[in-house]
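Peer 1: I have a structure here, written as structure tokens, and I will follow up with some questions on it.
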Amino acid sequence: RWGKGAREERVQRVRENAMLSAPLNVTIREIEVNSAVVTWEILEGDPVIGFAITQQKKDVRMLRFIQEVNTTTRSCALWDLDEDTEYIVHVQSISMGGSSPPSEPVLFRTPKESEKMASKSPDEVTMEEFGHAAQLRAGELIIIVVVLIMWAGVIALFCRQYDIIKDNEPNNNKDKAKNSSECSTPEHPQGGLLRSNV
């Protein structure tokens, strides 16, 4: 019995591997001088738990192997690429029982640094630059609003203090008028330099 269960498990794994199809519509996007992104699709129902990517320079036998499991992602960044170089990429799906056959090979070329810079006109704005500029503008706007609120507070405080001073000022004038009338003389009804000590 023990041997029969192990054999059935192996048969099940072989069936899963046979049923797991190669990834479809493998595409290279966002090709930069030193990086690119590979995307793909899988058949619905395939018990995929990860992927494996082989990346190879066209005329070189060395391979880079990228493998990730416990993921449902359908894309992967390729990094540390050489400029002006052709690469070949294959993608495989991974299940609990093993890997699918490799996808059809996809060939792409990274641009030269000079080509990338020349293709970007001075007036061209990328979405990344636009996002950075919008973020910068938002920060500037926050600073402006804070400064305006602070100025409004200073002006309100000044107006309040001015009203207090203004309210106290007529009382001071009445007191001054009262004091000056007490010291006035017939020659100087408003008071003045010549006062009589009555």
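Peer 1: Sort through V37, V89 and tell me the only one that's open to solvent by 20 Å² or more (accessible area, probe 1.4 Å), at pLDDT 95 or above and out of contact with any helix residue (DSSP H, G or I) (no Cβ under 7 Å at 6 or more places or on another chain).
Peer 2: Details: V89 fails: open to solvent by 20 Å² or more (accessible area, probe 1.4 Å).
Matching residue, one of V37, V89: V37.
Peer 1: Identify, by number, the condition in (1) acidic (D, E); (2) farther than 20 Å from E86 by Cβ; (3) surrounded by 13 or more Cβ atoms within 10 Å (Cβ to Cβ); (4) under 33 Å from the mean Cα position of the chain (by Cα) that D46 doesn't meet.
Peer 2: Failed condition: (4).
The values are calculated or read from the model by the stated rules, or taken from the named source; none is laboratory data. Remember, predicted model here, so these are calculated numbers, not experimental data. Note that each Cβ is placed from the backbone with ideal geometry, even for glycine, and that neighbours are counted across all protein chains shown. Keep in mind that these areas ignore ligands, DNA and RNA; they rest on the heavy atoms of the full protein, side chains included. Shrake-Rupley method; radii C 1.70, N 1.55, O 1.52, S 1.80 Å.
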